[in-house]
Amino acid sequence: MIIKNNTLSSICYMIFVSLFIGGTTMIAKLLGTDLLGKPLNPMQISHSRFLFAFILIFLFFLKTKSKIIQPNYKLHFSRSFCGWIGITILFGTSILIPVSDATALIFINPIFTMIFAIPLLGETVKTTKWFAVAITFIGAIVLIRPENNLLEIQFVYILLIFGALALGLESIFIKILTIEERPKQILLINNGIGLMISSIPIYFIWISPNMKQILAMFFVGTLMLCAQICFIQAMKRSEAHFVAPFFYFTLIFVCIYDFFIFQILPDKISIIGTTLIIVGGIILYVSQTRSKLS
């Protein structure tokens, strides 16, 4: 029963991660357009993500009188750098192409997570799980809707694939850190290092935000912090290659947000893509539960 509960809870945590990440991406898109004021640079948006998240976790650290115990700063820096690259690319490309397309492309990252988990974590991936991930990957590709102008935005697609690789590698670093360190320590150091990295280009691209944008930037940081908390908990409860593909549920939430914010209804292609993602997730869950009980 404990095994089942750990498997189910890891899935639930990843669904919450998807909920928060989807919301963050939509707010980032709003900040990158003129709907809230003068469009902000994606690097400034990703900087706000680290800034407000760091402030919140730092205040929590002070209130609980917690201490930093034997951190692996090299691993933290690698994780933070990969995360900064991935999230900045996602925010930037979401302004240039539809959010659902950018999200689908960046979500190739679970495939990279599975590949990296084999040599770096020593995890084994059974054929059934490769098949399930292939189904979710196909669902993501369906949602991309390749069009005739694909060559005109080829660089954007290549950039997103690179961002997916960075996020896939970040997932591996997070998994290793959850074994060695406490979640709140991971959050504090990650957001602190991320804040320092993202502050470097701010001097060159800074645009003074209005009050609406500041509030939106605060929510970007808050939602991302919530996503980080849930992601770490998911990684602690199961293997990286199992929980990572459930990140695809963000695609579903993005479609929901699109409807409520931009009144965009999902078409047949969206329904087919999200259905494939859900089917892949169910196969993964059943495969994981059976392998742990055997």
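The values are calculated or read from the model by the stated rules, or taken from the named source; none is laboratory data. The model shown is predicted, which means the values in this text are computed figures rather than measured ones. We place every Cβ from the backbone using ideal geometry, glycine too, and count neighbours over all the protein chains shown. Note: areas computed on protein heavy atoms with side chains; ligands, DNA, RNA excluded. Shrake-Rupley method; radii C 1.70, N 1.55, O 1.52, S 1.80 Å.
Figures for the structure shown
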| item | result |
| --- | --- |
| Top-ranked residue in segment 238-265 [being in contact with an Asp or Glu (Cβ under 8 Å, 6 or more places away or on another chain) and open to solvent by 40 Å² or more (accessible area, probe 1.4 Å); ranked as nearest to SER10 (Cα to Cα)] | GLU239 |
| LYS184 closer than 22 Å to ILE68 by Cβ, assigned to a helix (DSSP H, G or I), among the basic types (Lys, Arg) and open to solvent by less than 30 Å² (accessible area, probe 1.4 Å) | no |
| Residue that is part of a helix (DSSP H, G or I), closer than 21 Å to PHE112 by Cα and either acidic (Asp, Glu) or touching a residue at least 60 places away in the same chain (Cβ under 8 Å) (or both), where the choices are ILE174, ILE272 | ILE174 |
| Top-ranked residue in segment 197-217 [being of a type outside the set (A, V, I, L, M) and part of a loop (DSSP other than H, G, I, E, B); ranked as nearest to TRP84 (Cα to Cα)] | PRO201 |
| Selection within segment 16-39 - open to solvent by 20 Å² or more (accessible area, probe 1.4 Å), at pLDDT 90 or above and assigned to a helix (DSSP H, G or I) | PHE16, LEU19, PHE20, ILE27, LEU30 |
| Complete set of residues in segment 242-258 that are modelled with pLDDT under 80 and within 14 Å of ILE106 (Cβ to Cβ) | ALA244, PRO245, PHE247, TYR248, LEU251 |
| Residue under evaluation GLY221, criteria (1) at pLDDT below 90; (2) closer than 30 Å to SER270 by Cβ, criterion not met | (1) |
| Residue within segment 132-139 that is open to solvent by 50 Å² or more (accessible area, probe 1.4 Å), modelled with pLDDT of 80 or more and over 30 Å from GLY32 (Cα atoms) present | no |
| Residue count for segment 82-99, restricted to those that are over 14 Å from the mean Cα position of the chain (by Cα) and either of a type outside the set (Val, Ile, Thr) or modelled with pLDDT of 90 or more (or both) | 3 |
